[in-house]
Amino acid sequence: IEIYSLHVDCKVTSRFAHTVITSRIVNRANESREATFEVEIPKTAFITNFSMSIDGEVYPGIIKEKVAAQNEYDTAVSQGQSAGLVKITDRKLEQFHVSVSIAAASKVTFELTYEELLKRQLGKYELLIKVRPKQLVKHFQIDVHIFEPQGIHCLETDSTFMTNELTEALTKVQNETKAHILFKPTVDQQKTDSGLDETLLSGDFVVRYDVKREATAGDIQIVNGYFVHYFAPQEMPVFPKNVIFVIDRSGSMTGRKIEQTRDALLKILQDLRPEDHFTFITFNDEVAEWKSSLLPATEENVANAAALVQTLTARGGTDISGALLAAVGVLEKAEGLPERSVSMIILLTDGQPTSGERNVEVIQDNVQKAINGKYALFCLGFGFDVSYKFLEKMALSNGGVARRIYENADAALQLQGFYQEVATPTLIQIEMQYPENSIEGLTQNNFKLFFEGSEIIVAGKISNELDLLPVEIKAQSHTSDLTLKEEANVKEKEEVFQSQRYIFKNFIERLWAYLTIQQLLEKAISAQEEDQKALEAQALDLSLRYSFVTPLTSMVVTKPQQQEELANKPTEAG
């Protein structure tokens, strides 16, 4: 079985990435063989299309409501269940895997399309392409086109498998608003030195960049009556933070996990700013407060905290509830904190609540009542024994996010990376306001916090003939209350994209649908049951209308001899 062509074509237009992977395979044997298409795609992406074409006959994938698809599938496969086609493989990726039997000398072409909105983290957008053909490929290429009307800034490519020979196969061309990256190694360039027919191409191919920004109320782009508004103010003063680290030291954290936690915390302590206040609470079946109040991050206090971190050992049960309520208590009675500051609780745990209150719903309710919208709660789940669903719901209900920390060699770096993302809050209470009677389907437009290096994105549909789209942003910075105003000329903005040849026409509409689905699903996590159903129904409707494989839809892949398989979107919460 020979893969004679493998192409990855990616078009990024204003952060929205549309990627098509095409693999052409021929069976050189004189009997039938299994041809496999196995690719890894970013977790944040939604698959939008898949097809197989065998000797000219096309077998398309059809996206349906998950429940309906599962019922049909179960009927078709009442004898034996076949595994799903998509599974999570690591921190950033999930794998799509399909194989089909093809006759001697036959050819098959697999084509998979997926879309995602690139998220700005620590000042960069990252386009991740996983490369793992497992054999030498005669025609191999990665072709990336980027168009950013604001202007491209700091474009770089990075790869885990580059050699000097392979670097020669990489070309980058860039002007003010466009970039083209082509990686096209010959078969000889792909070979390892061993003289065997083994490929060097195995790992990540990453494109990173940022865009140029004027110091205004962000950037508005409009196509076919849909708009997207990007807002990422720079060089704002940073709010002092009041941080409580709530660290699990139960028995299951023993060994590598507690070591990696210690390493990460020592680095994080060094990153605290002098105007920040902080403290630690550690817990197993007992909750231990390092100090009864928050301390300023002076050199002496940081050194004392580092000494405590060095002594962290793990044993006993897991009283998540007691630890979080203790943290809220410390913030409640804190005195002498800077007047304009941001208070947050960062929880790190690797297990289920086994001590104190164990009912996760009761814990969620109690924590939400105690926090009462005043502080942000971030939940980091270490490994796979945590109830990620519980942590995610608790974080989203309290103005924060959850993140799974994978038990790899780089776990300490994952923890530090997360802290860096939330280390520099520069705005709070951000309201993005648009003319009410002229906009439909507005995505989330109120945000509690903005962190340096991230980006706020709002999209919607302009419902009546507007010539000018006025926007007003209200927010609080560390030093003042801000009001920023901007007017976008609808015709001029539409023209920016008219002349661009390689742009798929309705990309802002698809971006709007992608963002709306993501937000509806996120809202559903922390909603009451009736609301949850309504939110999921809306998200399902959009997933079907725009053909996205989301957690609510399935793609039915039909093969020769009427065989069917399902591609479902896995979620971190399982």
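The values are calculated or read from the model by the stated rules, or taken from the named source; none is laboratory data. Worth saying up front: this structure is predicted, and the values here are computed from it rather than measured. Ideal geometry is used to build each Cβ from the backbone, glycine not excepted, and the neighbour counts take in all protein chains shown. The accessibility values were calculated without ligands, DNA or RNA, using every heavy atom of the protein model including side chains. Shrake-Rupley method; radii C 1.70, N 1.55, O 1.52, S 1.80 Å.
Looking across the range 541-574 at every residue that is aliphatic (A, V, I, L, M) and under 15 Å from Ala69 (Cβ atoms), the one that is most open to solvent (accessible area, probe 1.4 Å) is identified as Leu544.
Residues checked against (1) touching a Pro at 6+ places or on another chain (Cβ under 8 Å); (2) part of a strand (DSSP E or B); (3) at pLDDT 95 or above; (4) of a type in the set (Lys, Arg):
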site: Val246; (1), (2), (3), (4): no, yes, yes, no
site: Ser252; (1), (2), (3), (4): no, no, no, no
site: Leu265; (1), (2), (3), (4): no, no, yes, no
site: Ile281; (1), (2), (3), (4): no, yes, yes, no
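Which one is nearest to Gly151 (Cα to Cα), of the residues in the range 179-203 that are out of contact with any strand residue (DSSP E or B) (no Cβ under 9 Å at 6 or more places or on another chain) and not polar (S, T, N, Q)? Checked the range 179-203; the qualifying residue nearest to Gly151 (Cα to Cα) is Asp188. Checking the stated criteria, Asp365 turns out to be of a type in the set (Asp, Glu), open to solvent by 10 Å² or more (accessible area, probe 1.4 Å) and closer than 19 Å to Ala402 by Cβ.
Of all residues in the range 132-145, those satisfying the criterion of being at pLDDT 95 or above and either more than 15 Å from Gln189 (Cβ to Cβ) or not assigned by the TED database to the domain that holds Arg208 (or both) are Asp143, Val144, His145. Only one entry in Val243, Val238 is closer than 30 Å to Leu347 by Cα, within 25 Å of the chain's Cα centre (by Cα), open to solvent by 10 Å² or more (accessible area, probe 1.4 Å) and of a type outside the set (Asp, Glu), namely Val238. Only residues that are under 16 Å from Val471 (Cα atoms) and in contact with a Lys or Arg (Cβ under 9 Å, 6 or more places away or on another chain) were counted in the range 442-459, giving 3. Identify, please: which residue in the range 452-500 is of a type in the set (Ser, Thr, Tyr) and surrounded by 17 or more Cβ atoms within 10 Å (Cβ to Cβ) and is, among those, nearest to Arg120 (Cα to Cα)? Residue satisfying both the conditions and the ranking: Ser454. For the range 92-140, a residue qualifies if it is under 30 Å from Ala423 (Cβ atoms), in contact with a helix residue (DSSP H, G or I) (Cβ under 8 Å, 6 or more places away or on another chain) and open to solvent by 50 Å² or more (accessible area, probe 1.4 Å), and the qualifying residues are Gln121, Leu122. When the criteria are applied in full, Gln429 fails the requirement of being open to solvent by 20 Å² or more (accessible area, probe 1.4 Å) and either assigned to a helix (DSSP H, G or I) or aliphatic (A, V, I, L, M) (or both).
Can Lys523 be described as outside any strand (DSSP E or B) and over 24 Å from Asn71 (Cα atoms)? For Lys523, the condition - outside any strand (DSSP E or B) and over 24 Å from Asn71 (Cα atoms) - is met. Contact map, the range 303-322: residues that are in contact (Cβ under 8 Å) with a residue 60 or more places away in the chain and under 23 Å from Leu269 (Cα atoms) paired with residues that are of a type in the set (Lys, Arg) and open to solvent by 10 Å² or more (accessible area, probe 1.4 Å), Cβ distance under 6 Å, separation 6+ or inter-chain. Pairs shown: Leu312/Arg249; Leu312/Arg262; Ala314/Arg249.
When each of Ile129, Ile54, Ile41, Ile63 is tested for being farther than 25 Å from Pro551 by Cβ and at pLDDT 90 or above, the lone residue that passes is Ile54.
Exactly one residue out of Asp143, Asp158 is open to solvent by 60 Å² or more (accessible area, probe 1.4 Å), of a type outside the set (Val, Ile, Thr) and part of a strand (DSSP E or B), and it is Asp158.
Every condition in (1) over 23 Å from Lys92 (Cα atoms); (2) open to solvent by less than 60 Å² (accessible area, probe 1.4 Å); (3) without any contact (Cβ under 8 Å) to a residue 24 or more places away in the chain holds for Ala395 except the one numbered (1). If the condition is being closer than 16 Å to Thr113 by Cα and either hydroxyl-bearing (Ser, Thr, Tyr) or under 19 Å from the mean Cα position of the chain (by Cα) (or both), then the range 505-552 contributes Arg510, Leu511, Tyr514, Ser543, Tyr546, Ser547, Phe548, Val549, Thr550. All of Ala326, Ala370 fail the test of being assigned to a helix (DSSP H, G or I), more than 14 Å from Val243 (Cα to Cα), at pLDDT 95 or above and open to solvent by less than 50 Å² (accessible area, probe 1.4 Å), apart from Ala370. Evaluation of Asn301 against the conditions (1) more than 30 Å from Ser480 (Cβ to Cβ); (2) assigned to a helix (DSSP H, G or I); (3) of a type outside the set (A, V, I, L, M, F, W, C) shows that the sole unmet condition is (1). Filtering the range 161-176 to residues that are of a type outside the set (S, T, N, Q), modelled with pLDDT of 95 or more and not in a loop (DSSP other than H, G, I, E, B) leaves Leu170, Lys172, Val173.
Here is a check on your reading of the model: is Ile129 within 21 Å of Ile3 (Cα to Cα), in a strand (DSSP E or B) and of a type in the set (A, V, I, L, M, F, W, C)? Yes: the conditions hold for Ile129.
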